[in-house]
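Take a look at the structure set out below.
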Amino acid sequence: MSAENPAIWGKPQEMQKINKERAILERAIGEWSAFNSRIEDVTVLLEMAVEAQDEGTFQEVKHELEQIQKTGEALELQRVLSGELDANSAYLSINSGAGGTESCDWASMLLRMYTRYADKHGYKCEILDMTEGEEAGIKSCTLLISGEYAYGYLKAESGVHRLVRISPFDSNARRHTSFASVFVWAEVDDDIQIDIRPDDIEVETYRSSGAGGQHVNKTDSAVRMRHKPSGIVVSSQTQRSQIQNRDKAMKMLKAALYEKEIERKNKEKDEMNSQKKANEWGSQIRSYVMHPYQMVKDHRTAFQTNQVNAVMDGELDEYIMSYLKAQLAGTLGQNTDAGDLE
């Protein structure tokens, strides 16, 4: 159904969805058109360099070809981001693993890493729910990261993340290993049909511990919702009223159930299985080693760098791109070792 069809003029949600899809398609067409123009231009430049035997022009051609290759690789990766939900915004949840204060602190470090990543890419980042640790850090949190292709890129982050460092909480300065799990799922449109029986939902209200001004800790405005058949639990505490938090939680639940159905249908492709792994040794997708040396390694792709501080500051593009390239090539998870960084 096109935007010119009068049948949808009175349906603003459908109009918004169609306009979004059109903008994405128009941008893709523009990018490919510009790419083809650059190839034509550099071909002409190469002919001029050959005719004039000019070394400076040859170097210019070489530089332009290198840039064209990078652009071509980026456009090729768009084939991976052609899934039904890839262009959507994303929910991202972080849960600390075994290890008490150490894991809670690690979860808070991951929270900062993803908020910095969102900032760098112009995404809006909203904390929907957060439970603080008893001594430091956070036990869990859920973010809504809004922007084009947020889910398509951030889905690469689903799995268990391991930290190795000298603990700032250990008076004997011993090395500790901590775990936290990350789960990413797509925000879905309100008009997507997800059947949820009222009897299948268990709703709990509690006092908010997040933002909300004078409402905080005075009314049971926060909402925790559990879908009994699937065991999925979602929470919202940042809206100003219980009704708003209930609506937000229901939207999150629908998105999670939709993601679960997508996962079920694609289970044989092993696209979404990493989030099911336990928070324990050997199940991680990525290790962040700060001692005795510095290294961040993705165990699914074998991509690694020693720029730990940059990664923790949200520089995740190379890891995400290596994941997408491996997914495109069908080599995801091959020739890797999850236990080779001690």
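Bear in mind these aren't lab numbers, they're just calculated from the coordinates by the rules spelled out. Since the structure is predicted, the reported quantities are computational estimates derived from the model, not experimental observations. Every residue, glycine among them, receives a Cβ derived from its backbone with ideal geometry; neighbour counts consider all protein chains shown.
Report the dimensions of region 85-244 along its three principal axes from the alpha-carbon atoms, largest first, rounded to Å.
Principal-axis extents of the Cα atoms in region 85-244, largest first: 54, 38, 33 Å.
Quick one: what are the phi-derived ³J(HN,Hα) couplings along region 54-61, Karplus 6.51/-1.76/1.60 with θ = phi - 60°, whole Hz, x for glycine and proline?
9, 5, x, 5, 4, 5, 5, 5
In sequence order, what are the phi-derived ³J(HN,Hα) couplings for region 141-146 according to the Karplus relation 6.51 cos²θ - 1.76 cosθ + 1.60 with θ = phi - 60°, rounded to whole Hz, with x for glycine and proline?
Computed from phi, the couplings for region 141-146 are 7, 10, 10, 10, 9, 9 Hz.
Using the Cβ atoms and a cut-off under 14 Å, what net charge is assigned to the surroundings of Glu66, where Lys and Arg are +1 and Asp and Glu are -1?
My count for the surroundings of Glu66 gives 0.
Please give the peptides 298-305, 239-246 ranked by average Cβ packing (other Cβ atoms within 10 Å per residue), highest first, as a rough proxy for protection.
Most protected by this proxy first, the peptides run 298-305, 239-246.
List, in the order given, every pair from Lys155/Lys248; Lys20/Lys62; Lys251/Lys297 whose Cα-Cα distance in the structure shown is over 26 Å.
Lys20/Lys62; Lys251/Lys297
Give me the three principal axis extents of region 116-184 from the C-alpha atoms, as integers in angstrom, largest value leading.
Principal-axis extents of region 116-184 (Cα, largest first): 46, 22, 20 Å.
What per residue convex hull volume, in Å³, comes out for region 62-129 when only alpha-carbon positions are used?
Hull volume normalised by residue count: 153 Å³.
Provide the net charge surrounding Arg197, with neighbours chosen by a C-beta distance below 14 Å and charges set as Lys +1, Arg +1, Asp -1, Glu -1.
-1
Using modelled amide H (1.01 Å from N, peptide plane; none on Pro or chain starts), what sits under 5 Å from the amide H of Ile138, excluding residues fewer than 5 places away?
Residues meeting the criterion, in which the H sits 1.01 Å from N, are Asp105, Ala107, Ser108, Gly133.
Set the Förster radius R0 to 41 Å, insert the Cβ-Cβ distance between Leu25 and Ile166 as r into 1/(1 + (r/R0)^6), and round the FRET efficiency to 0.05.
0.20
Quick one: 3J(HN,Hα) in Hz for region 94-101, Karplus 6.51/-1.76/1.60 with θ = phi - 60°, rounded, Gly and Pro as x.
Going residue by residue, I get 10, 10, 5, x, 5, x, x, 4 Hz, with x marking Gly and Pro.
Rule-of-thumb check for region 12-81: C-alpha Rg over 2.2 N^0.38 Å?
Normalised Rg, Cα atoms only: 1.58.
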